[in-house]
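A.B. asks: Below you'll find the structure I mean.
Coordinate-derived values only; no laboratory data. Just so you know, these numbers come straight off a predicted model, no measurement behind them. Cβ coordinates were reconstructed from backbone atoms using ideal geometry, including for glycine residues, and neighbour counts include every protein chain displayed.
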Amino acid sequence: MSEAGARRESARKPGGAVQRPRLKLLVFAILCALPLYGSLALWLRAASVIPLAAYGVVSVVAFFLYWSDKRKARADTWRTPENVLHAVELAGGWPGALLAQQMFRHKTRKVSFQLVFWLIVLAHQVFWIDQLFLGANLLAFS
């Protein structure tokens, strides 16, 4: 088997290592920087701890939902609906979902799912850019 074929084959194995972990960790850190900074800023200003707690708790929930769904997919049993996964991502669980996607190689090839997932990540980024740098004017409804 060629080297490229061996890499593709190892990428399909369930317990295989995450491909390009340093690059993915860097991207993950960059994506989490604004939400983490904004959430910490709100907490430190005594405005609210809810965003910080939500990102943490809901990310753990998302991670376990992906883990469970991957196990169910392998066992060919009832699956977690995609709209549930997306709702949890939208509620702040996208960091946990992104980690789970990479660790379990789950939901990474379905283009329609990935499109919605990345739109959710983008929405969170735009929200925090607006909150932190634009005075919450971009998304104001007035």
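A.B. asks: Each residue of region 69-85 in turn: what ³J(HN,Hα) in whole Hz from Karplus with 6.51, -1.76, 1.60 and θ = phi - 60°, glycine and Pro shown as x?
C.D. replies: 5, 5, 5, 5, 5, 5, 8, 6, 10, 3, 9, 6, x, 4, 5, 5, 4
A.B. asks: Between residue 33 and residue 137, what is the spin-label point distance in nm, taking each point 7 Å from the Cα along the Cα→C-beta axis?
C.D. replies: For residue 33 paired with residue 137, the spin-label model returns 2.4 nm.
A.B. asks: Still on this structure, please answer the following. Ordered by residue, what ³J(HN,Hα) values in Hz, to whole numbers, does region 100-105 give under the Karplus form 6.51 cos²θ - 1.76 cosθ + 1.60, where θ = phi - 60° and Gly and Pro are x?
C.D. replies: Along region 100-105, the couplings run 5, 4, 6, 5, 9, 6 Hz.
A.B. asks: Which distance in nm do the two modelled labels at residue 79 and residue 64 give, with both placed 7 Å along the Cα-to-Cβ direction?
C.D. replies: Each label point lies 7 Å from its Cα, and together they span 2.2 nm.
A.B. asks: Could you tell me, in Å, what Rg and Dmax come out for the Cα atoms of the chain?
C.D. replies: 17.2, 62
A.B. asks: Additional query: What percent do you get for the relative contact order of the chain when only Cα pairs under 8 Å and 6+ apart count?
C.D. replies: Averaging sequence separation for qualifying contacts and normalising by length gives 24 percent for the chain.
A.B. asks: While we're here: For a quick protection proxy, order the peptides 90-97, 119-126, 25-32 by their average other-Cβ count within 10 Å, most packed first.
C.D. replies: Those peptides, ordered most packed to least, come out 90-97, 119-126, 25-32.
A.B. asks: What list of ³J(HN,Hα) couplings, whole Hz, do you get for region 88-98 from phi and the Karplus terms 6.51, -1.76, 1.60, once you set θ to phi - 60° and write x for glycine and proline?
C.D. replies: 5, 4, 5, 6, x, x, 4, x, x, 5, 5
A.B. asks: Could you check the spin-label model distance between residue 47 and residue 123? Points 7 Å from the Cα along Cα→Cβ, value in nm.
C.D. replies: Taking the simple label geometry, residue 47 and residue 123 are separated by 2.0 nm.
A.B. asks: If you keep only loop residues by DSSP, which chymotrypsin sites (Phe, Trp or Tyr not before Pro) in region 103-142 have at most 16 other Cβ atoms within 10 Å of their Cβ?
C.D. replies: Listed in order of number, the matching sites are 141.
A.B. asks: In deg cm²/dmol and to the nearest 500, what is the mean residue ellipticity at 222 nm of the chain if only DSSP H runs of at least 4 residues count, each as -39500 (n - 2.57), divided by the residue total? If you can, show how the numbers build up before the last one.
C.D. replies: Details: 6 runs with 101 residues, N = 142.
Value at 222 nm, helices only: -24000 deg cm²/dmol.
A.B. asks: After finding the eigenvalues of the alpha carbon gyration tensor for region 63-104, what semi-axes result from the square roots of 5 times each, listed largest first in whole Å? Mind showing how you got there, number by number?
C.D. replies: On the way: eigenvalues 62, 30, 6 Å².
For region 63-104, the ellipsoid semi-axes come out as 18, 12, 5 Å.
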